Amino acid sequence: MGKNKKNGKFSWSSALVGAAAATAATWMISSKPRDPTFYLISLDLTSFKLNFPVLDAEMILTVHVTNPNVVPIHYSSTEMSIYYGGSLLGSAPVKAGSQPARSCQLLRLPARLSGLQLAQHAKKFLSDVGQREMVLDSAVNIEGAAKVLWWDHKFKVHVDSHVTVDPLFLDVIDQENRSEMEIFVT
């Protein structure tokens with residue numbers, strides 16, 4: 001005859017409850033919201049527009065975005081500000097969209113850079129062209145939500161980028177990105 005509970009008999013129901021609790025705890029830990037990552041892949045000059053007395057440059061910024069979260073995210077439209085020498089040089093609109101869970105996406109953002117602002121930094125710009133290194137900074141706030149079961153996890157991500165590019169060939173040489181995420185549970 002087998003052992004009873006008091007004598008150490010194995011209980012399948014206790015084992016299943018323990019396994020379910022461990023699985024739930026693992027899911028809760030892995031589903032903790034994490035910051036998405038943003039990396040500038042390329043800058044492509046598309047055209048020049050006459051904005052008398054200077055030319056504005058239109059570009060396409062290709063940005064690699066990673067959603068490390070276990071749920072898809074949805075975000076609203078916003079605008080990325082682009083700075084050169086501490087002055088606002090231009091902007092790039094970011095359209096509202098979504099991204100599947102644990103995925104990567106390429107965003108192609110149209111940007112317009114002000115020739116007038118660049119002209120105000122002509123000496124620095126010519127020096128940067130000579131050194132073939134130009135430092136651009138950008139900032140963007142992205143708001144959205146990640147839905148987990150019946151809860152909406154609203155978030156706001158602020159991303160600051162410090163990018164070094166070759167001003168002749170528009171190659172990305174180096175970059176440093178910093179993001180801060182706020183989460184609002186509703």
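Remarks
- Residue within segment 77-84 that is open to solvent by 30 Å² or more (accessible area, probe 1.4 Å) and aliphatic (A, V, I, L, M) present: no
- Selection from segment 31-64 of residues that are among the hydroxyl-bearing types (Ser, Thr, Tyr) and more than 21 Å from PRO167 (Cβ to Cβ): SER31, THR37
- Single condition LEU45 does not satisfy, out of (1) over 24 Å from LEU116 (Cα atoms); (2) in a strand (DSSP E or B); (3) not hydroxyl-bearing (Ser, Thr, Tyr): (1)
- Residues located in segment 66-76, provided they are within 13 Å of the chain's Cα centre (by Cα), open to solvent by less than 30 Å² (accessible area, probe 1.4 Å) and touching a residue at least 60 places away in the same chain (Cβ under 8 Å): ASN69, ILE73
- Residue match in segment 142-161 (condition: more than 22 Å from SER98 (Cα to Cα) and not in a loop (DSSP other than H, G, I, E, B)): no
The values are calculated or read from the model by the stated rules, or taken from the named source; none is laboratory data. Here the structure is a predicted model, which means the values were calculated and not measured. FYI the Cβ positions are ideal-geometry reconstructions off the backbone, even for glycines, and counts take in every protein chain you see. When the accessible area is computed, the model is the full protein with side chains, heavy atoms only, and any ligands, DNA or RNA have been set aside. Shrake-Rupley method; radii C 1.70, N 1.55, O 1.52, S 1.80 Å.
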